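A quick write-up on the structure given underneath.
The values are calculated or read from the model by the stated rules, or taken from the named source; none is laboratory data. The structure displayed is predicted, hence computed values, not measured ones. Quick reminder, even Gly has a Cβ in these numbers, built from the backbone with ideal geometry, and neighbours come from all protein chains shown.
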Amino acid sequence: MCGLACAILGLGSFFTPWLIVPALLGAYVSLRASRRARREPAHFGGLRWAQAGVVLSSLVLPALLVYGGYRAARWYADEQERARAASRARMLELALAIQAYQKQRGALPSPQLQELRTAGLAPNLVTDAWGKKLRYQPTGALAATSPLTTPLLTQYSIVSAGADGEFGTADDLVLRDGVFVPATPDSEN
């Protein structure tokens, strides 16, 4: 009877994960009671209860595994979306730092962003949420030249390699002139 009660209580683990412990306990107790009842039928009268606990446990545990797999996949997808959101936020912060530098100096910083670091504008904004370095590229050649020249082009792009850590794939995050655009696989973005 204890095994059946634990198996029933284990149904609650669909709502509260820690209740899987009673489900496992119910399966163990029911299986043990069922074996004992078969071995010593004169001393143990709960064979039907034990069998009911085994049956219920054998139905509950696979369902819990399927549900757990669904929850794990959902958790992973949520974590990836959090990382994408954090990377987008860092990219926007870097874009603001680039715009501030451009406003101060009249030109975009070089692709290495050394000017931003020395000016103290972007000390910790050069990596995405996956720990990979962001790729900053002024679009025009004149935009990356000396701050003394007047740039003809003021466009730039900031690219995160995305979850796979490789540039030029569909999961890249691309920010062009402060606007996120779809990544184009197999290109330098």
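Given the criteria at pLDDT 80 or above and of a type outside the set (Ser, Thr, Tyr), does ALA119 qualify? Even if it seems obvious, please write down each step before you answer.
Details: at pLDDT 80 or above: no; of a type outside the set (Ser, Thr, Tyr): yes.
No: the conditions fail for ALA119.
Between a first residue in region 75-87 that is touching a residue at least 40 places away in the same chain (Cβ under 8 Å) and of a type in the set (Lys, Arg) and a second residue that is loosely packed, with under 13 Cβ neighbours inside 10 Å and not in a helix (DSSP H, G or I), which pairs have beta carbons less than 9 Å apart while being 6 or more apart in sequence or on different chains?
So the pair list comes out empty.
If we keep just the residues of region 122-148 that are assigned to a loop (DSSP other than H, G, I, E, B), over 28 Å from the mean Cα position of the chain (by Cα) and under 28 Å from ASP171 (Cβ atoms), which is modelled with the lowest pLDDT?
In this case the residue turns out to be GLY140.
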